[in-house]
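For reference, the structure is listed below as structure tokens.
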Amino acid sequence: MGVFSALTTAVSGLQAQSYALENISGNIANSRTAGFKRVDTTFADLVPDSALNRQISGSVAAYSQSTNSIQGDLSATRIDTNVAINGDGFFVVDQRQSGVGTNTTFANSNLYTRRGDFDFDANGYLVNGAGYFLKGQKIDTVTGQVIGTQPEVLRITQEQYPAKATTSIEYRANIPSTPATKRATDNPTNPNAQFLSAANYTSFAAPNNPLSTTQGGNGVVTGEALPTFLTDSIPGGQVTVYDSLGKATNVELRWSKLNNGGAGPPVTTGTWNLFVGVNTSATGTAVAYQNVNTDITFGTTGQLVAPSGGNITIPPVTIGGTLVSGVVINTGGTGLTQNGDISGLIDARSIRQDGYTAGTLDRVSVSAEGQVIGTFSNGQVKALAQISVARFNADNSLKRLDGGAFEETIESGPPIVGLGTADLIGGNVEQSNTDIADEFSKMIVTQQAYSANTKVITTAQEMLRDVFSIIR
């Protein structure tokens, strides 16, 4: 029976090496397939049940060994929607079931892949090269919060991003302790020439008293008094603000000093009034500048004393036909100072506002945290969606599907949603983890083992022929 057993064992060896060669050929064929995970081959010996001193090596069986947990090289593609996972995890994807365009229906089953060559189709879906649709969760662009708990197929459209009215102007500046107004420079011997005085406006028709209401004025500068006011003030910068429809309006600021403060308490070293340009080319009795009607005072070290908290509210004004209302100048408490400056002019370090006009989606990228980031034509950058990434306790026990996809099995365990210690790299794609040199080495060994098994069969055949010859 030994010769016949040798034949059987050799045949099992041929089958095992053929199985290994099939895996090797598949690995080589997919050496350039994005996200492909090679399949290795392991062998197990099959030992016949016999007495301890009569055991033989037995036949062989071949099994597949997955390498899902072995990462391939990352390759830069310069395509913003391409993304690679650096670390453990799989993208959650779905398949098209029926329909086309916006009427597409999906299988509503979670599949998993490392193939991240996603790009937009004509309907705003992110689809990879194998036809799988990326899943994730939408993000509220206003609150920044993730919507829902379960991943769904992501669809990002070119809808217009709505305008936002300006509500806050961030203002950071140093106001000179001695302003270089034109009146002051024309009268260098008069220390009071630097101050705004209501007496300079008595010759103009009412209303024309630029002092704030707290100083006994009405805070109005008309067109006929404009040249005088420009000699009593210094520019404080300008900023473009937006109304609720996204219409832009330019807001110009000017400052005038009222006095050098008082003994307090608290002790102050200067009181100022801030003006907003309503119509800087106004004539006659048309309003040119409007006082915000808030006294701004500074302490002995140049720090802002009043208003408390450093917020200055702009009264409702109509500039260029656009109503500017509900806007607060935010100085941050310490962002506005009064220190000596040889130039005598305001050093406006930062003037920024929080409004913007409507915009359309210009480009999309992916952050390291897996957020789909949209950049809009109005300069806004917003998170639009969160890509779902799943991890498994037994990655290599997932069932392989066409197109580099996998599905959950009992052996793999349920998915654990979240990046964990991994991160995402936009503009990159993970390549196959197949090593061509290694596969060719395996192929040589497999071929030699296959040839050796054929030699066993040939030898067994010759031995049987000899036996038959003895009988004859």
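The values are calculated or read from the model by the stated rules, or taken from the named source; none is laboratory data. Owing to the predicted nature of the structure, the values given are computational and were not obtained by experimental measurement. Here Cβ is always computed from backbone atoms with ideal geometry, including for glycine, and neighbour counts include all displayed protein chains.
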Every pair of residues 6+ apart whose Cβ atoms lie under 7 Å, when the first sits in the stretch 380-403 and is in contact (Cβ under 8 Å) with a residue 12 or more places away in the chain and closer than 23 Å to Ile425 by Cβ while the second is of a type in the set (Lys, Arg) and surrounded by 21 or more Cβ atoms within 10 Å (Cβ to Cβ): Ser388/Lys135
Answer from Ser377, Ser441, Ser365, Ser451 - the residue that is under 18 Å from Phe118 (Cα atoms), surrounded by fewer than 19 Cβ atoms within 10 Å (Cβ to Cβ) and either out of contact with any Lys or Arg (no Cβ under 7 Å at 6 or more places or on another chain) or not assigned by TED's automatic domain parsing to the domain that holds Asn128 (or both): Ser365
The stretch 172-186 - residue that is surrounded by fewer than 21 Cβ atoms within 10 Å (Cβ to Cβ) and of a type in the set (A, V, I, L, M, F, W, C) and, of those, nearest to the chain's Cα centre (by Cα): Ala173
Index of the failed condition, Ile24 passing every other in (1) of a type in the set (A, V, I, L, M, F, W, C); (2) surrounded by 15 or more Cβ atoms within 10 Å (Cβ to Cβ); (3) not in a helix (DSSP H, G or I): (3)
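Only one residue in Thr434, Thr421, Thr334, Thr409 is in a loop (DSSP other than H, G, I, E, B), among the β-branched types (Val, Ile, Thr) and within 27 Å of the chain's Cα centre (by Cα), so which one is that?
Details: Thr434 fails: within 27 Å of the chain's Cα centre (by Cα); Thr334 fails: within 27 Å of the chain's Cα centre (by Cα); Thr409 fails: within 27 Å of the chain's Cα centre (by Cα).
Of Thr434, Thr421, Thr334, Thr409, the one residue that is in a loop (DSSP other than H, G, I, E, B), among the β-branched types (Val, Ile, Thr) and within 27 Å of the chain's Cα centre (by Cα) is Thr421.
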Contacts under 8 angstrom Cβ, first residue in the stretch 314-341 being charged (D, E, K, R), partner assigned to a strand (DSSP E or B), 6 or more apart: Asp341/Asn174; Asp341/Pro176; Asp341/Asp347
Among (1) in a loop (DSSP other than H, G, I, E, B); (2) polar (S, T, N, Q); (3) touching a strand residue (DSSP E or B) at 6+ places or on another chain (Cβ under 7 Å), the one test that Ser281 misses: (3)
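Restricting the search to the stretch 227-249, which residues are in contact (Cβ under 8 Å) with a residue 24 or more places away in the chain and assigned to a helix (DSSP H, G or I)? If you could, list the steps in order and put the result at the bottom.
As a first pass, look at the stretch 227-249 and keep what is in contact (Cβ under 8 Å) with a residue 24 or more places away in the chain: 228-249.
Thr228, Phe229, Leu230, Thr231 - these are the residues of the stretch 227-249 that are in contact (Cβ under 8 Å) with a residue 24 or more places away in the chain and assigned to a helix (DSSP H, G or I).
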Output for the stretch 49-62, where each listed residue is surrounded by 12 or more Cβ atoms within 10 Å (Cβ to Cβ), on the phi < 0 side of the Ramachandran plot and not in a strand (DSSP E or B): Ile56
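Residues of the stretch 1-24 being among the polar types (S, T, N, Q) and in contact (Cβ under 8 Å) with a residue 60 or more places away in the chain, which ones?
Here is the first cut: in the stretch 1-24, the residues among the polar types (S, T, N, Q) are 5, 8-9, 12, 15, 17-18, 23.
Listed by number, the residues that qualify are Thr9, Gln17, Ser18.
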Residues located in the stretch 414-438, provided they are surrounded by 15 or more Cβ atoms within 10 Å (Cβ to Cβ) and either touching a Pro at 6+ places or on another chain (Cβ under 7 Å) or not hydrophobic (A, V, I, L, M, F, W, C) (or both): Pro415, Asp423, Gly426, Gly427, Asn428, Glu430, Gln431, Ser432, Asn433, Thr434
Residues satisfying the stated conditions in the stretch 229-251, i.e. surrounded by fewer than 17 Cβ atoms within 10 Å (Cβ to Cβ) and of a type outside the set (Gly, Ala, Ser): Thr231, Pro235, Gln238, Thr240, Leu245, Lys247, Asn250
Subset of the stretch 77-103 (residues that are farther than 19 Å from Val372 by Cβ and either in a strand (DSSP E or B) or over 24 Å from the mean Cα position of the chain (by Cα) (or both)): Gln95, Arg96, Gln97, Ser98, Gly99, Val100, Gly101, Thr102, Asn103
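Kindly provide the set of residues from the stretch 337-378 that are of a type in the set (Val, Ile, Thr) and over 19 Å from the mean Cα position of the chain (by Cα), ordered by number. It would help to see each step written out before you state the result.
Going through the stretch 337-378, the residues of a type in the set (Val, Ile, Thr) turn out to be 337, 342, 346, 351, 357, 360, 364, 366, 372-373, 375.
Those that are of a type in the set (Val, Ile, Thr) and over 19 Å from the mean Cα position of the chain (by Cα): Thr337, Ile342, Ile346, Ile351, Thr357.
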Among the candidates Arg254, Arg352, residue that is part of a strand (DSSP E or B), of a type in the set (Lys, Arg) and crowded, with 16+ Cβ neighbours inside 10 Å: Arg254
Single unsatisfied condition, Thr300 versus (1) surrounded by fewer than 21 Cβ atoms within 10 Å (Cβ to Cβ); (2) at pLDDT 95 or above: (2)
Hits in the stretch 98-118 (condition: at pLDDT 95 or above and either basic (Lys, Arg) or surrounded by fewer than 16 Cβ atoms within 10 Å (Cβ to Cβ) (or both)): Arg114, Arg115
Some residue of the stretch 384-394 being surrounded by 12 or more Cβ atoms within 10 Å (Cβ to Cβ), among the basic types (Lys, Arg) and within 27 Å of the chain's Cα centre (by Cα): yes
